[in-house]
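Beneath this line is the structure, given in structure tokens, with notes to follow.
The values are calculated or read from the model by the stated rules, or taken from the named source; none is laboratory data. None of these values were measured; they are calculated from a predicted model. Here the Cβ positions follow ideal geometry from the backbone for every residue, glycine too, while neighbour counts run over all protein chains shown. We work out accessible area using only protein heavy atoms, side chains counted, and drop any ligands, DNA or RNA first. Shrake-Rupley method; radii C 1.70, N 1.55, O 1.52, S 1.80 Å.
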Amino acid sequence: MHKAPRQSEVADLMRIQRCNEFEIALEQACAMGIGKLQSQAGTASNIKYWFTDPFAQEVVERLAEFFFINSVEINIDADMGCRVAKPKSSSRAPAETDAGSPHHITLMLTITPSGQNPPPFIIIGGLAKVSETLQHFMDDGLAYFDLCLVPCRLDQCEKKKKGLDLSQRALLVLDGHSTRLDEVAADILTKNNCTIITFPGAVTHILQPIVRVLARDFRRFYCAELRILTLLTAEQLKTTSNIAELKRNNIILATIDSSRQVTTILNCKSGFSATGLFPRSVDKAIKCKYVIDDNDAPIHPEGRKTKRKTASGLNVGLEIEKKKRKRSDENEYIEENEASIKSKNKQAKKKQQPKKKSVRSNSAKKTKTTTVKQMQEPQTLGK
């Protein structure tokens, strides 16, 4: 009799298959020229420098598991898997959609090392108000939404009900997109005692827990769930007049279910542990098979520098403080220049004023001499 494999053996087989798929994907990327950037950035020296600045030991000290947060924005549009026919010279990837476009739906997937993750945050474009179904999801605490026009935020009372101490220090690690340097968002997070650190460019497949462990399984579960929901609602899609809303609800349900299946305690802990973020370990991060060993001759001893500032890891709060100081210094310099120009103008006006007075005095003298002559004329005639 053939014995069925145990659960641990199945998990090992799935892990081996996942690694093989990842290797094939990287080989294809290198063949297309995409992996060149990753090979330049994925050196041990570059990662070591990021672990010293900005991700130093001081940042992680006395930090609770629940308040170490990794978040990634994932595109979950209905047509994300469609083939795009384009000319040979142009890019084969689908074009990016704006945040406010009608069919734009993205997910902010957030995890912590403890596995106690917040509900998924879904961004929906093109809606003017919250529908009943979306409100139902929010009331049940299944998901939270941002409609790009009507922002819906987490309630502070709900956080307190869960027993969270809002005064504790938090750490948020993100990819190095240019929008991470937004001053308004950074000010809100710093006021709430949250530090923001970005990963270096082209190394998220090594250092980011969601990308390293959860992203592939999330895509697989999401596609399967969406396929099942599409088959179940096939008749409704033919008869209903509001097809867009039904498709949107299917996408949201598939997203909620797949995020629940992926964000388990084991996956979250293994993601942070494998990347060396929590507990903090430089050796674990460097031991990844996708890291290039350059310990003998470091390629980037002071981190990889490019023209794009966000390509290297940043402490966003400190960067924005530097910007504000620079701006204030520039404003002070401008004000000083304006004050000096005003003072010079005043001095020039003062120098010009005496000349005008002298002209007036000369005219007054002329009038006086004429009056004296007029007074003297009748006296001469009388004599």
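Structure above, values below:
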| item | result |
| --- | --- |
| Residue that is farthest from the chain's Cα centre (by Cα), among those in the range 302-332 that are open to solvent by 100 Å² or more (accessible area, probe 1.4 Å) and closer than 22 Å to ALA202 by Cα | GLU302 |
| Residue under evaluation THR255, criteria (1) out of contact with any helix residue (DSSP H, G or I) (no Cβ under 6 Å at 6 or more places or on another chain); (2) surrounded by 19 or more Cβ atoms within 10 Å (Cβ to Cβ); (3) within 21 Å of ILE196 (Cα to Cα); (4) not charged (D, E, K, R), criterion not met | (3) |
| Failed item in (1) at pLDDT 90 or above; (2) within 29 Å of ASN249 (Cα to Cα), with ILE47 passing the rest | (2) |
| All positions within the range 196-209 that are buried (at least 23 other Cβ atoms within 10 Å of the Cβ) and either aliphatic (A, V, I, L, M) or in contact with an Asp or Glu (Cβ under 7 Å, 6 or more places away or on another chain) (or both) | ILE196, THR198, PHE199, VAL203, ILE206, LEU207 |
| Unique match (being of a type in the set (Lys, Arg) and either without any contact (Cβ under 8 Å) to a residue 40 or more places away in the chain or closer than 30 Å to PHE145 by Cβ (or both)) among ARG308, ARG280, ARG304, ARG248 | ARG248 |
| Identity of the residue in the range 124-148, touching a residue at least 40 places away in the same chain (Cβ under 8 Å) and touching a Cys at 6+ places or on another chain (Cβ under 9 Å), that ends up surrounded by the fewest Cβ atoms within 10 Å (Cβ to Cβ) | LEU134 |
| Tally of residues being within 23 Å of the chain's Cα centre (by Cα) and either over 12 Å from VAL211 (Cα atoms) or open to solvent by 10 Å² or more (accessible area, probe 1.4 Å) (or both) across the range 263-277 | 3 |
| The listed residue being farther than 28 Å from GLU58 by Cα, modelled with pLDDT of 90 or more and out of contact with any Lys or Arg (no Cβ under 9 Å at 6 or more places or on another chain), out of PHE199, PHE218 | PHE218 |
| Residue within the range 220-243 that is aliphatic (A, V, I, L, M), surrounded by fewer than 17 Cβ atoms within 10 Å (Cβ to Cβ) and closer than 19 Å to VAL130 by Cα present | yes |
| Which numbered condition GLN168 misses (of (1) of a type outside the set (Ser, Thr, Tyr); (2) under 26 Å from ASP283 (Cβ atoms); (3) not in a helix (DSSP H, G or I)) | (2) |
